[in-house]
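Peer 1: Mind looking over this structure? Questions follow.
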Amino acid sequence: MQDLIQKLGIQWNLLIAQAVNFLIVLLVLWLTAYKPIVRVLRERREKIEKGLRDADRAAERLADADDAYTARIREAEKRSVSIIEDVERRSKEREAELAREVKEKERKMVEEAERKVRAVEAEGRDVISREAAALVRNAVAKIAERDPVTIDGALIDQALKEAGKRAI
């Protein structure tokens with residue numbers, strides 16, 4: 001083996017010196033570069049993990065807020081539907097009340113019109129009765145003035161015409 005080491009040109013003292021130099025460089029890099037880089041990477045990983053946790057919490061809060069918004073929208077829709085139903089119910093009640101009032105007014109107007117018609121009819125009958133009585137009175141008076149022997153249909157017609165002219 002020593003032959004092999006000599007043929008390869010390995011010198012023990014240089015190999016040990018290089019190993020010691022490597023360990024010193026490794027220690028210096030460990031202290032000056034590796035630890036700060038690892039610390040920065042760890043801090044960055046923690047920030048990223050914290051950001052992800054915060055994003056998850058924000059997503060949960062957003063989902064909760066969305067659920068609350070949806071619940072409020074549903075509640076508002078229910079309230080609006082109930083308000084609309086209440087307004088419709090009240091409008092139907094008011095419509096029915098107005099219809100009853102209109103029917104009552106119509107009934108009263110019809111009754112008043114019928115009463116007026118009956119009054120006008122009664123007054124008309126009275127006027128016609130008075131006029132007919134006057135006509136008959138005048139006709140009888142005319143007939144009584146004439147000679148009963150000469151009374152005939154033409155005379156009665158003439159007397160009625162004259163009595164009708166006077167009554168009008």
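The values are calculated or read from the model by the stated rules, or taken from the named source; none is laboratory data. Since the structure is predicted, the reported quantities are computational estimates derived from the model, not experimental observations. When we count neighbours, we look across all protein chains shown, and the Cβ atoms used for this are built from the backbone with ideal geometry, even at glycine.
Peer 1: Looking at (1) modelled with pLDDT under 95; (2) surrounded by 10 or more Cβ atoms within 10 Å (Cβ to Cβ), which one does Asp147 not meet, given that it meets all the others?
Peer 2: (2) is the only condition that Asp147 fails.
Peer 1: Could you check how many residues of the range 91-144 are closer than 30 Å to Glu162 by Cα and among the basic types (Lys, Arg)?
Peer 2: Number of matching residues: 4.
Peer 1: Sticking with this one: May I ask you to list pairs of residues, at least six apart or on different chains, whose Cβ atoms are under 9 Å apart, with the first in the range 25-53 being modelled with pLDDT of 95 or more and polar (S, T, N, Q) and the second being surrounded by 10 or more Cβ atoms within 10 Å (Cβ to Cβ) and not in a helix (DSSP H, G or I)?
Peer 2: Matching pairs, first to second residue: none at all.
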